[in-house]
1. So which aspartates and glutamates can K316 reach, going by Cα to Cα under 18 Å and dropping same-chain residues fewer than 8 places off?
2. If the only charges are +1 at each Lys and Arg Cβ and -1 at each Asp and Glu Cβ, what is the size of the charge dipole of segment 126-220 around the Cα centre, to the nearest 20 debye?
3. Dipole magnitude of segment 245-314 about its Cα centre, charges +1 at Lys/Arg Cβ and -1 at Asp/Glu Cβ only, in debye to the nearest 20?
4. I'd like the Karplus ³J(HN,Hα) series for segment 167-183: coefficients 6.51, -1.76, 1.60, θ = phi - 60°, whole numbers in Hz, and an x wherever there's a Gly or Pro.
5. Report, ordered by chain and residue number, the aspartates and glutamates lying within cross-link reach of K294, taken as a straight Cα distance under 16 Å and ignoring same-chain residues fewer than 8 apart.
6. Which listed residue (A187, F235, L268) has the Cα farthest towards the positive end of the charge dipole for the chain, taking +1 on Lys and Arg C-beta and -1 on Asp and Glu C-beta about the Cα centre?
7. Per residue of the chain, what 222 nm ellipticity follows from adding -39500 (n - 2.57) for every DSSP H run with n ≥ 4, rounded to the nearest 500?
8. Can you check what the net charge comes to around P29, using other residues whose Cβ is under 10 Å from the Cβ of P29 (Lys, Arg +1; Asp, Glu -1)?
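What follows draws every value from the coordinates through simple rules; no lab data is involved. Note that the coordinates shown come from a computational prediction; the quantities given were computed from them, not determined experimentally. Quick reminder, even Gly has a Cβ in these numbers, built from the backbone with ideal geometry, and neighbours come from all protein chains shown.
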Amino acid sequence: MRKYKSCLIALLAVIGSLGTGAASAQNFPNKPITMILSSGSGSSVDIMARTLARVAEKELGQPVVVSNKPGGDGATAMAELLSGRADGYTLWAATKTFPVALNTNLKQFKAADFQPLVMVQVDPFALVVQSNAKWKNLNEFLADAKAKRMNVGGFGSSSPHGLFNYFLAKNSGARLNWIPHDAGSKALTALMGGHLDAVVSNPSSMMSQVKAGTLRILAVATPERLKDLPNVPTFKEQGYDMIDSQWRGFFVKAGTPAPVVARLDAALKRAIESQEFQDYLVKTVQYSGYMGPKEFSAYVKKEIDAIAPIADDFLKSIQ
């Protein structure tokens with residue numbers, strides 16, 4: 001009888017906790033939400049998150065606070081997310097660095113500990129040089145890089161930008177030495193200061209310098225020329241079938257209740273589709289890439305699996 005009572009009490013406790021969890025999910029959110037970023041203020045991710053946060057506050061009815069936690073190719077921000085509760089009140093602004101890093105220098109983290117929530121935008125890769133550089137197109141630059149090692153900079157060591165540089169070197173036979181920076185903007189500053197030969201970045205990060213005539217984009221990694229950059233040829237046009245983009249989105253900690261994930265997804269989707277956020281995308285030459293949790297999770301897994309076979313060789317190339 002005593003054993004029966006103990007089992008009954010335990011069962012009632014479980015049922016009670018489930019009811020409390022359902023109630024808390026139903027009332028979500030009832031306090032501010034935090035967006036953790038792996039990069040510093042002023043970066044493309046930072047501007048995206050702050051723009052989206054302003055709109056999302058109206059959808060969620062609570063303040064959305066942006067917190068910059070740069071360091072370790074995202075390790076600092078990732079650890080911050082995992083140290084908290086799986087309750088949906090902390091979001092991490094993830095990028096394509098996530099599948100690259102999990103295969104290379106951040107193997108201590110496991111994909112299963114993260115729940116992809118929404119993909120927000122895509123931003124194509126581009127190779128840029130100073131406007132007064134002697135190279136007028138991609139092939140002129142690569143021809144010189146086959147004869148002499150070129151220093152190419154960009155965000156992060158084991159980053160998607162570094163991976164793109166790796167593939168460009170592999171496909172062309174050029175000697176492209178990757179110089180990592182803790183922000184893409186710092187790599188562009190180094191380029192303008194004459195400390196680099198080129199930078200792998202994204203149009204959104206360099207448009208002001210391009211329009212000012214300070215920088216020249218040699219190629220963009222899109223299927224066709226961008227309508228905002230009609231005079232800039234694609235990599236494919238110049239003989240290199242390289243089509244790739246930086247994606248940006250948000251993750252929550254694995255184990256976050258499904259109703260909370262659904263509430264966040266719906267609110268962020270409306271925020272992404274809002275006129276204010278769409279105007280921001282147009283202004284910064286970026287493109288909406290919305291995916292919900294199921295589609296985004298499958299997409300991230302596919303990228304992790306695709307990078308795995310070349311991860312070791314990529315790491316050797318940047319050491």
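1. Those aspartates and glutamates meeting the cut-off are D73.
2. Around 200 debye, computed over segment 126-220.
3. That gives segment 245-314 a dipole magnitude of about 320 debye.
4. These are the phi-based 3J(HN,Hα) values: 5, 5, 5, 5, 6, 9, x, 7, 9, 10, 8, 7, 10, x, 10, 7, 7 Hz.
5. Hits, sequence-local ones excluded: D113, D265, E303.
6. Working it through, the farthest residue towards the positive pole turns out to be L268.
7. Calculated from helices alone, the mean residue ellipticity at 222 nm is -14500 deg cm²/dmol.
8. +1
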